[in-house]
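The values are calculated or read from the model by the stated rules, or taken from the named source; none is laboratory data. On a predicted model such as this, the values are computed, not experimentally measured, just so you know. Here the Cβ positions follow ideal geometry from the backbone for every residue, glycine too, while neighbour counts run over all protein chains shown. Heavy atoms of the whole protein, side chains included, go into the accessibility calculation; ligands, DNA and RNA do not. Shrake-Rupley method; radii C 1.70, N 1.55, O 1.52, S 1.80 Å.
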Amino acid sequence: MEKRIREELLALFKSKLSRPMEMYLETCARCGICTEACHAYASMPLPKYTPAYRAEVVRRIYKNYFRWQGKTVPKAGECKKLDETIIDELKEAAYSCTGCRRCMVYCPFGIDTQQIMSIAKLLLVGAHAEPELLSLLADVSISKGESIDSFKEGFLEGVKNLEEEVVEKWRHEAGRTPIPTEVVGAEILYVALAGAHSIIPAAAIFNAAKENWTLSFFEAVNFGAFVGDPTKTKIIMDRIINEAKRLKVKEVCICECGTAFRVMSQLSGSRPFKVSSITEVHSRYLKEGRIRLDKSKFNVPITYHDPCQIARNGGVIDEPRYILSHLTDNFIEMSQDPKYNWCCGGGGGLVALGEETLDFRMKSAKVKAEQISKTGAAILATACENCHTQLSNLNEHYKLGMNVQFLSSLVSDALAK
Amino acid sequence: MNETIKADKVMDLKGLPCPMPVVKVSKGIKEVAVGQVIEAISTDPGALTDFPAWAKTSGNQILKTEQSGKEIHFFIKRLS
Ligand code: SF4
Ligand code: SF4
């Protein structure tokens, strides 16, 4: 590796060395408590799939360049030079970790392997060795932000095509637009995904609750975060922040997308609006009596998969259960404590990489498939696009015979007058 | 532009989860030769902003976008 490239990569490494990150890199006692906590290891017991092994790939570089060991006893201190040979190791470590942070809740020191993997991802970006597709998706989002005015007309026409289906789900007062856009002073800016399934049920529920809402021109998902590029993450996030400021909305509601919710709620700094997940908003509508649900709609056992970025990492745990209590008397928990729920196995950009990662995703989430199967439920609900795709893949692969549904779709199908 | 464009490959991208429409079209375009055209069909409003942005980023050209009922047909020429 050329000296100049190595220096650039080390500068990127250094940019990540916050106080907590240094603690994560310094502290591991190799107690092994986290080993079985990782779904990848629990499903495929190979040392390279343990959280501590993954972290060690990055930690060795850290010791070599940022600690005394590298300067005095590089061999004894288990140091590793940053060169081409370590790129593949970084890739394997980073892209076999879904960033679910289940290991972190087990680790006695709270070591955040997802954060350590963010260094690995950034080094891969710096070395142009990241999955090309994820960078392309991030660039598409950025390009959209730069030329949104030229795309607006087409988008509005596409949205108009969905109105009929929204009204079929909920007939609201005459004269109101089923999918409002560009409403200055709206209470809520709803940020959806590109798909109609992310817009239609949400719109029907907003209308049933008589909400003053407006649909964003942008998609919620942040591929900059998946690929681990902080600059792109910020540009993609800022498109939505600027839109929310321009429209002077009070609240930004993020659709069923875990990464989008985590990025907007935890990385957007101080902002003149509140950030909520759509699950929180629906739970609030039920509490305030703004919507009612017909419990007789689904007379089968329902279980719920907590998306890691929304539940364990986002704190939204009670709200989906409150919604479910209005949907069914036959709710089955899949995990004793939702904080310790198994990851679906599709996070961290793995689902976005599609077929390429399918085999690994299916093998590494065997424990998840077993957990779902044990519930004996007929409907498997979740509140994240990524999880929904992965759970649908698992459903097919392991022949679970479940009906995989978005929680918001269940809510919109059970809306009662 | 009302002339009929003949597609060398047709891709049905209706109802796919995020981000599969863009992922599939990125792969699909590589399966035709430079100068050839793919027709991508979607029902997602987001495709109307995603596809032009993707074409710009990946250096391909959207020759025509046609809406018929709920379906949106994109005719995309591979440029590189
Ligand atoms: S964050 Fe999740 S996938 Fe990554 S090492 Fe920890 S448990 Fe495994
Ligand atoms: S539980 Fe924490 S301290 Fe123990 S091996 Fe895992 S990361 Fe290291």
Next on the checklist: Run the helix sum for chain A: -39,500 (n - 2.57) per DSSP H stretch of 4+ residues, divided by residue count, reported at 222 nm to the nearest 500 deg cm²/dmol.
Outcome noted: -15000 deg cm²/dmol
Item to check | residue A:88/residue A:339 FRET efficiency (R0 30 Å; Cβ-Cβ; nearest 0.05) | outcome: 0.35
Checklist outcome for this item: With every protein chain kept in place and a 1.4 Å probe, the residues B:74, A:109 fall, from largest accessible area down, as A:109, B:74
Item to check | Accessible-area value, residue B:4, 1.4 Å probe, nucleic acids and ligands omitted, Å² | outcome: 130
Checklist entry - How many percent of the accessible area of chain A is carbon or sulfur, using a 1.4 Å probe? => result 51
Checklist outcome for this item: Note: A vs B interface, total accessible area buried (1.4 Å probe; ligands, DNA, RNA excluded), nearest 100 Å², is 2400
Next on the checklist: Only bridges whose two residues both fall in the protein assembly as shown count here: according to DSSP, what percent of them are antiparallel, nearest 5?
Outcome noted: 35
Next on the checklist: If you take every residue apart from residue A:311 with its C-beta less than 13 Å away from the C-beta of residue A:311, what net charge results, scoring Lys and Arg +1 and Asp and Glu -1?
Outcome noted: -1
Checklist entry - Using a 1.4 angstrom probe and counting only protein chains, how large is the accessible area of residue A:41 in Å², to 10? => result 40
Item to check | Where labels lie 7 Å past Cα in the beta-carbon direction, separation of residue A:153 and residue B:80 in nm | outcome: 2.8
Next on the checklist: Can you tell me, using C-alpha contacts under 8 Å and at least 6 residues apart, the relative contact order of chain A as a whole percent?
Outcome noted: 16
Item to check | GNM result for chain B, Cα springs below 10 Å: residue of B:33, B:47, B:55 fluctuating most strongly | outcome: B:33
Checklist entry - Quick one: Cα centre-to-centre distance for the stretch A:280-299 and the stretch B:34-80, in angstrom? => result 39
Checklist outcome for this item: Residues whose built amide H sits under 5 Å from the amide H of residue A:192, excluding neighbours closer than 5 in sequence, are A:216, A:220
Item to check | Estimated inter-spin distance, residue A:212 and residue A:250, nm [label 7 Å along Cα→Cβ] | outcome: 0.8
Checklist entry - Hey, what's the stretch B:9-77 come to in accessible area per residue, 1.4 Å probe, Å²? => result 37
Checklist outcome for this item: Relative contact order of the stretch A:133-290 (C-alpha contacts under 8 Å, at least 6 apart) in percent is 25
Item to check | Karplus-derived HN-Hα couplings along the stretch A:209-217 (A = 6.51, B = -1.76, C = 1.60, θ = phi - 60°), whole Hz, x at Gly and Pro | outcome: 7, 6, 7, 8, 10, 8, 8, 6, 7
Checklist outcome for this item: A student applying the Cα gyration tensor rule (rounded when a/c is under 1.5; otherwise prolate if a/b is larger than b/c, oblate if not) would label the protein assembly as shown oblate
Next on the checklist: Just to be sure I understand: with springs between alpha-carbon atoms less than 10 Å apart, which residue in A:305, A:172, A:282 has the highest mean-square fluctuation in the Gaussian network model of chain A?
Outcome noted: A:172
Checklist entry - Along the Cα-to-Cβ line of residue A:23, 7 Å from the Cα, sits a label point; which residues in the stretch A:204-244 have backbone N less than 14 Å from it? => result none
Checklist entry - Which parts of the stretch A:44-59 would a label at residue A:78 reach, counting a residue when its backbone N lies under 20 Å from a point 7 Å out along Cα-to-Cβ? => result A:45-59
Checklist entry - Got a sec to turn the phi values of the stretch A:339-352 into Karplus ³J(HN,Hα) couplings, 6.51 cos²θ - 1.76 cosθ + 1.60 with θ = phi - 60°, whole Hz, x for Gly and Pro? => result 5, 9, 4, 5, 5, 6, x, x, x, x, x, 5, 5, 4
Next on the checklist: How much accessible area per residue does the stretch A:134-287 have, counting only protein heavy atoms and a probe of 1.4 Å, in square angstrom?
Outcome noted: 35
Checklist entry - Considering chain A as a Gaussian network with a 10 Å cut-off on Cα pairs, which listed residue, A:154, A:175, A:289, attains the greatest mean-square fluctuation? => result A:175
Next on the checklist: If you only keep lysine pairs separated by 8 or more in sequence, or across chains, how many in the stretch A:134-287 come under 22 Å at the Cα atoms?
Outcome noted: 27
Checklist entry - Per-residue accessible area for residue A:210 at 1.4 Å probe radius, Å² rounded to 10? => result 130
Checklist entry - What size of dipole, in debye to the nearest 20, comes out for the protein assembly as shown about its Cα centre when the only charges are +1 on Lys and Arg C-beta atoms and -1 on Asp and Glu C-beta atoms? => result 1380
Next on the checklist: Tell me the net charge near residue A:250. Cut-off is 9 Å between Cβ atoms, residue A:250 excluded, with +1 for each Lys or Arg and -1 for each Asp or Glu.
Outcome noted: 0
Checklist entry - How big is the gap, in Å, between the Cα center of the stretch A:367-381 and the Cα center of the stretch A:184-238? => result 29
Item to check | Gap separating the Cα centres of the stretch A:1-24 and the stretch A:87-166, nearest whole Å | outcome: 21
Item to check | For residue A:404, distant residues with modelled amide H under 5 Å away | outcome: A:380
Checklist entry - In nm, to one decimal, how far is the modelled label at residue B:36 from the one at residue A:284, with both set 7 Å along Cα→Cβ? => result 5.1
Next on the checklist: Could you derive backbone 3J(HN,Hα) for the stretch A:270-276 from the dihedral phi with the Karplus parameters 6.51, -1.76 and 1.60 (θ = phi - 60°), listing whole Hz in sequence and x where the residue is Gly or Pro?
Outcome noted: 7, 8, x, 8, 8, 10, 9
Checklist entry - Which value at 222 nm does chain B reach when only helices count, each DSSP H run of 4 or more adding -39,500 (n - 2.57), with the total divided by all residues and rounded to the nearest 500 deg cm²/dmol? => result -8500 deg cm²/dmol
Item to check | Net +/- balance of residues flanking residue A:274 in space, Cβ distance below 9 Å, scoring K and R +1, D and E -1 | outcome: +1
Item to check | At 1.002 mPa s and 20 °C, Stokes diffusion of the stretch A:85-228 via Kirkwood alpha-carbon radius, µm² per second | outcome: 118
